[in-house]
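The values are calculated or read from the model by the stated rules, or taken from the named source; none is laboratory data. Source: prediction; values computed, not measured. Every residue, glycine as well, gets a Cβ built from its backbone with ideal geometry; the counts of neighbours run over all protein chains shown.
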Amino acid sequence: MKTSNPVLARLGQAAERERAAGYAPAGAYGQPEYGQAYPTAGGYPAAPPTVQPMSIDDVVVKTVTLLGITGASAAAAWVLVPDALAGAAWIGAAVVGLVLGLVISFSRMANPALIVTYALVEGVFVGMVSKFFESFYNGIVLQAVVATFGVFFLMAGLYKMKAIRATRKFVRGVIAAMVGVFAVMLINLVLSLFGFNTGLRDGGALAIGFSLICIVIASLSFILSFHEVEEGVRMGLPQRYSWVAAFGILVSLIWLYIEILRLLSYFQGDD
């Protein structure tokens with residue numbers, strides 16, 4: 001099956017290999033290991049079991065599940081992590097989450113356990129960041145949460161009405177913008193470690209402009225996620241790949257939330 005999305009193309013190829021090999025989790029319901037034939041009473045191999053295709057409902061359920069895990073982890077971290085360890089928990093969760101995110105993104109197989117672990121770790125990160133901002137600006141977390149889901153449902157509505165279409169040029173443009181923004185963030189982080197202030201995160205006009213750009217790109221990334229879900233259903237990807245689609249939506253939601261939180265802080269109180 002042809003698709004212009006490189007992620008879907010990779011997952012589609014992996015799914016085809018799974019179907020051809022008769023994939024089933026090792027040991028489940030007495031089934032053989034990956035790639036082994038399914039024996040019958042007569043000793044002849046039987047056809048592999050039918051792979052249940054993913055649906056939009058599957059993605060919705062998985063997304064809500066991951067959001068619930070992230071929210072619960074964030075709340076637990078907020079309450080249980082001592083203030084003295086908040087910085088270490090923040091940085092540690094950010095690093096571990098980044099590594100897990102890269103592994104999941106570049107993996108050729110859907111791994112629900114790894115994705116759930118990512119949600120748990122990112123929950124700690126989100127909880128620590130939220131607690132930090134809330135300690136300075138009362139009510140800012142609720143404002144950011146409402147704004148984040150408001151943007152998400154707006155983009156979902158625009159995609160449903162086909163006001164924004166995930167054309168080949170659009171997909172390439174958004175991906176290029178995301179890579180560019182993340183490169184700038186990385187450079188800014190490295191420079192800040194050596195004492196250089198680029199002004200991208202100090203609350204000034206440049207910082208506000210950069211956060212707005214990030215918010216726009218994060219919002220447009222939802223269109224890519226919705227398109228991936230739609231194409232994944234059309235291509236008949238196995239049900240387990242709904243975890244990958246839900247992971248993509250979760251990543252965009254967390255990024256959007258952090259950027260909105262940061263932007264709101266620029267307009268509240270003194271720097």
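Taking the numbered list (1) surrounded by fewer than 16 Cβ atoms within 10 Å (Cβ to Cβ); (2) in contact (Cβ under 8 Å) with a residue 60 or more places away in the chain; (3) closer than 28 Å to PRO53 by Cα in turn, PHE136 passes all entries but (3).
Quick check on PHE210: is it of a type in the set (Phe, Trp, Tyr) and either touching a Leu at 6+ places or on another chain (Cβ under 8 Å) or crowded, with 21+ Cβ neighbours inside 10 Å (or both)? Criteria met by PHE210. Scanning region 80-131 for residues that are more than 24 Å from TYR241 (Cβ to Cβ) and out of contact with any helix residue (DSSP H, G or I) (no Cβ under 7 Å at 6 or more places or on another chain) yields LEU80, PRO82, ASP83, ALA84, LEU85, GLY87, ALA88, ILE91, GLY92, VAL95. Considering region 165-180, the residues that are among the aliphatic types (A, V, I, L, M) and surrounded by fewer than 15 Cβ atoms within 10 Å (Cβ to Cβ) include one that is nearest to GLU231 (Cα to Cα), namely ALA176. Return only the number of the condition from (1) in a loop (DSSP other than H, G, I, E, B); (2) crowded, with 16+ Cβ neighbours inside 10 Å that GLN268 does not satisfy. In the conditions (1) in a loop (DSSP other than H, G, I, E, B); (2) crowded, with 16+ Cβ neighbours inside 10 Å, GLN268 misses (2) alone. For region 184-200, taking the residues that are part of a loop (DSSP other than H, G, I, E, B) and hydrophobic (A, V, I, L, M, F, W, C), the one that is nearest to LEU264 (Cα to Cα) is identified as LEU200.
Residues are listed down the side, and each one gets a yes or a no for (1) surrounded by 17 or more Cβ atoms within 10 Å (Cβ to Cβ); (2) modelled with pLDDT of 55 or more:
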| position | (1), (2) |
| --- | --- |
| VAL7 | yes, no |
| TYR29 | no, no |
| GLY43 | no, no |
| LEU80 | no, yes |
| ALA89 | yes, yes |
| SER107 | no, yes |
| ALA113 | no, yes |
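Scan region 244-255 and tell me whether some residue there is over 17 Å from GLY150 (Cα atoms), aromatic (Phe, Trp, Tyr) and in contact with a Phe, Trp or Tyr (Cβ under 9 Å, 6 or more places away or on another chain). For region 244-255, residues over 17 Å from GLY150 (Cα atoms), aromatic (Phe, Trp, Tyr) and in contact with a Phe, Trp or Tyr (Cβ under 9 Å, 6 or more places away or on another chain): present. Within region 230-249, restricting attention to residues that are out of contact with any Leu (no Cβ under 9 Å at 6 or more places or on another chain) and surrounded by fewer than 24 Cβ atoms within 10 Å (Cβ to Cβ), the residue that is nearest to THR167 (Cα to Cα) is GLU230.
Screening region 140-164 for residues that are closer than 12 Å to PHE222 by Cα and of a type in the set (A, V, I, L, M) and picking the one that is surrounded by the most Cβ atoms within 10 Å (Cβ to Cβ) gives MET155.
Applying the set (1) part of a helix (DSSP H, G or I); (2) farther than 19 Å from LEU67 by Cα to GLY203 leaves exactly one unmet item: (1).
Listed by first and then second residue, the pairs linking a residue in region 213-232 that is over 18 Å from VAL244 (Cα atoms) and in contact (Cβ under 8 Å) with a residue 40 or more places away in the chain to a residue that is acidic (Asp, Glu) and in a helix (DSSP H, G or I), with Cβ atoms under 6 Å apart and 6 or more places separating them unless they lie on different chains, are CYS214/GLU259; ILE215/GLU259.
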